[in-house]
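These notes concern the structure reproduced below.
Rule-based calculations on the coordinates, nothing more; no lab input. For clarity, every value in this text was computed on a predicted model and none was experimentally measured. Counting neighbours? That spans all protein chains shown, and the Cβs are built from the backbone with ideal geometry, glycine included.
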Amino acid sequence: MSELDSDRVPDYFRQRNTVAEWWTPDEGPLAFHYDAELKVLEDVLVIDPAWRVLDVGTGRGRFGAFFATRGCDVWGIDLNPEMVELARETAERRGVSERFTIEAGSATDLAVYAQAPRDLVLCMELFDHLPDLPLALRELRSATADSGRFAFTYVPSESLYGALGNVYRAVKRRWRPQELLISRTYGLTEIRSLLADAGFELEGHWGVGVLCLNAQTRLFEQNWLARALTGLARLEARIRPYHRGRLARHGAHVVGIARPVRGA
Ligand SMILES: C[S@@+](CC[C@H](N)C(=O)[O-])C[C@H]1O[C@@H](n2cnc3c(N)ncnc32)[C@H](O)[C@@H]1O
């Protein structure tokens, strides 16, 4: 059985006044953490302005706008109508509306894009909210050109942040079983295997914020402990915006880049 409810989670994301209320990665004390995800892509991918990019679960459009400002033609889709509007506002504000088209759409139905697969497909900060990741990965693969790349993030079970989140979810499941859980974690081995099943091969992975224990959590923002933890994470980001090697899988978020397997 999936860890996330396959009806209730997409229903939650389709509604107004849900994700738009808490997903503001460019603002607030943790902006440095989310900026590091962009930095990984900027450093690792040699961006070609001729690329056609698909940003799945575009949110406020931060990644789509980034690639559009680099000259790429970008399509962004999101399940949430409010996020579609907000991403369009981002595109306008950054002066890239002509190169960044945003529509409503789902990661589990990319048939339209499979007709003209893209050079780069992004699925950032979304794996953890998908009740059926294997299905989404098959769709994402069909939307990625054989010569293209696929970039994604996930919350690793191996990280302190992921482990704390799992304790929180276990407590919630036990004491408030009727409450909706909208996120989950994955281990690196599981991610590799899910990618392989969908026809992708993991090329590399980079971890952001090994010490970022309160990513996404605004609950304790005013608390001295949260401020101290954020300060520690900011220091880490200043010294090392992202990790490679053995520490990579222990970031609060892992950025992965995969290639389609030939013939898959
Ligand atoms: C945490 S936000 C990440 C947004 C953006 N990728 C970023 O990193 O800033 C996740 C986004 O995915 C959208 N989403 C959730 N389920 C989806 C699905 N099945 N298909 C497409 N978008 C989805 C949400 O509405 C939300 O805007």
Task: Two-site label geometry, Arg240 and Glu42: point separation in nm, points 7 Å out along Cα→Cβ - done: 2.1
Task: Projected label distance in nm at Val167 and Glu98, using a 7 Å step from Cα toward the beta-carbon - done: 5.4
Task: Stretch gain in nm, segment Ser193-Leu247, where the contour uses 0.36 nm per residue and the Cα spacing is subtracted - done: 17.4 nm
- [ ] Can you tell me the 0 to 90 degree angle between the C-alpha axis of helix 133-142 and the longest principal axis of the chain, rounded to 10?
- [x] 20
- [ ] Quote the FRET efficiency, to the nearest 0.05, computed for Glu89 versus Ala31 with a Förster distance R0 of 25 Å and r equal to the Cβ-Cβ distance.
- [x] 0.90
Task: Relative contact order computed over the chain (Cα-Cα under 8 Å; 6+ residues apart), in percent - done: 21
TODO: Would you mind calculating the gained length between Ser6 and Arg176 on full extension (0.36 nm times residue separation, minus the Cα-Cα distance), in nm to one decimal?
DONE: 59.3 nm
Open item on the list: Can you show me the helix-derived [θ] at 222 nm for the chain, built from DSSP H runs with n ≥ 4 at -39,500 (n - 2.57) apiece and divided by the number of residues, rounded to the nearest 500.
Closed with: -11500 deg cm²/dmol
TODO: With a ≥ b ≥ c taken as the square roots of the eigenvalues of the C-alpha gyration tensor of the range 8-260, please select rounded if a/c is under 1.5 and otherwise prolate if a/b is larger than b/c or oblate if it is not?
DONE: rounded
Task: Sequence of Tyr154, Tyr34, Tyr113 once ranked by neighbouring C-beta atoms within 10 Å, starting from the fewest - done: Tyr113, Tyr34, Tyr154
- [ ] Would you mind classifying the range 129-264 by shape? Square roots of the alpha carbon gyration tensor eigenvalues, ordered a ≥ b ≥ c; an a/c under 1.5 is rounded, otherwise it is prolate if a/b is larger than b/c and oblate if not.
- [x] oblate
Open item on the list: So if each residue of separation counts as 0.36 nm, and I subtract the Cα-Cα distance between Trp22 and Ala111, what length gain in nm does that give?
Closed with: 29.1 nm
Open item on the list: Taking a ≥ b ≥ c as the square roots of the Cα gyration tensor eigenvalues, with a/c under 1.5 meaning rounded and otherwise prolate when a/b beats b/c, else oblate, which class fits the range 47-119?
Closed with: oblate
- [ ] Mind listing the long-range amide H neighbours of Gly204? Cut-off is under 5 Å, sequence gap 5 or more, other chains count too, H placed in the peptide plane at 1.01 Å from N.
- [x] Ile257
